[in-house]
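Structure first, then comments.
The values are calculated or read from the model by the stated rules, or taken from the named source; none is laboratory data. Not measured: the values here are computed from a predicted model. Positions of Cβ are generated from backbone atoms using ideal geometry, with glycine treated the same way; all protein chains shown enter the neighbour counts.
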Amino acid sequence: MSQRKDVVTWQPAAPGVWNITMASPPANALSVPLLDGLHAALDAAQAGGVKVIVLSSAVDGFFAAGADIKHLAAIGAASFTAYGDQMRAVNDRLAAAPFLSVAAVDGLALGGGLELAMAATMRVSGPRARYGLPEVKLGLIPGAGGTQRLPRLVGRGRALDIMLTARQVPAAEALAIGLVDRLTGGDVAEAALALAGELAAVSLPAQRAAVAAVDAALDLPLDAGLGFEAARVQALFEHGEAAEGIAAFTEKRPPRFA
């Protein structure tokens, strides 16, 4: 059954998969109620023991348009700090969640909306999607992870090109530079749910270890990264689901992962 917190709904979509949907017309601006709803959805997903969530939008033409500019215009420095902290907290929780996540982007993902999508494990895009970090037009810089996550995805030069010009990146270019992982010509939510189903069929501890090792490759020297990798694979063999995976392979049957 679907549950609701303000402008965010969540419900099971397939075994091990939940769909979290943002619905705050006209543009899914990241208002305080929307951020509160995302926190509640993440709470529910974590308590529900899901393996993969799909984050999508019910607002046509928008994934999320970014920060709530009307809210910013009405607050002072202390409230601005609190609002920024709340945006960062949602993204950090999504990035560090005990489950995987897929952002389904069909429309505009700008500013905080792109930062939210980049915090997901993977991104599926529709052909009409456009991506950007236009904060310099407001005399600001991306403040909810954009300056850190974008260069890790696309490299320093491309990240600066996107941020300093405030331009919108079309879907085909986003795929080519690694900003999104898959581009579909069909229904984006269906494509994202199909990917989530693929992800849910294999070992979540192994997937999380793979994500951690790949992220470590961006920050650690090669020798340290190789040591990080070796430690993770040893831990999976001793304490993860490798015993079931290896047994299933030798017995020629599908693995029964948790």
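Close contacts from the range 193-220, counting a first residue that is farther than 18 Å from A235 by Cα and without any contact (Cβ under 8 Å) to a residue 12 or more places away in the chain and a second that is among the aromatic types (F, W, Y) and buried (at least 16 other Cβ atoms within 10 Å of the Cβ), with Cβ to Cβ under 7 Å and a gap of 6+ residues or different chains, come to L220/F228.
Collect the residues in the range 57-100 that are of a type in the set (S, T, N, Q) and either touching a Phe, Trp or Tyr at 6+ places or on another chain (Cβ under 8 Å) or not assigned by TED's automatic domain parsing to the domain that holds A171 (or both), keeping them in residue-number order.
Of the range 57-100, the ones of a type in the set (S, T, N, Q) are 57, 79, 81, 86, 91.
Within the range 57-100, S57 is the sole residue that qualifies.
Conditions tested, residue by residue: (1) over 22 Å from S125 (Cβ atoms); (2) modelled with pLDDT under 95.
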site	(1), (2)
V214	no, no
P221	yes, no
G225	yes, no
A231	yes, no
E238	yes, yes
A247	yes, yes
P255	yes, yes
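The single condition among (1) touching a residue at least 60 places away in the same chain (Cβ under 8 Å); (2) over 21 Å from D68 (Cα atoms) that L116 does not meet is (2). Any residue that is touching a Leu at 6+ places or on another chain (Cβ under 7 Å) and surrounded by 17 or more Cβ atoms within 10 Å (Cβ to Cβ) - is there at least one of those in the range 185-198? Within the range 185-198 (the criterion being touching a Leu at 6+ places or on another chain (Cβ under 7 Å) and surrounded by 17 or more Cβ atoms within 10 Å (Cβ to Cβ)), the answer is no, since none of the residues qualifies.
For E135, the conditions (1) over 18 Å from the mean Cα position of the chain (by Cα); (2) within 17 Å of M118 (Cα to Cα); (3) not assigned by TED's automatic domain parsing to the domain that holds A95 are fulfilled apart from (3). Selection of the range 221-240 for residues being in contact with a helix residue (DSSP H, G or I) (Cβ under 6 Å, 6 or more places away or on another chain) and touching a residue at least 24 places away in the same chain (Cβ under 8 Å) yields L236, G240.
Taking the criterion of being out of contact with any Asp or Glu (no Cβ under 8 Å at 6 or more places or on another chain) and closer than 29 Å to K51 by Cβ, the only residue of the range 25-34 that qualifies is N28. Restricting attention to the range 222-255 and to residues that are among the charged types (D, E, K, R) and assigned to a helix (DSSP H, G or I), the residue that is nearest to R208 (Cα to Cα) turns out to be R232.
Candidates in the range 82-105 are the residues that are touching a Leu at 6+ places or on another chain (Cβ under 9 Å) and assigned to a helix (DSSP H, G or I); of these, the one that is farthest from H39 (Cα to Cα) is Y83.
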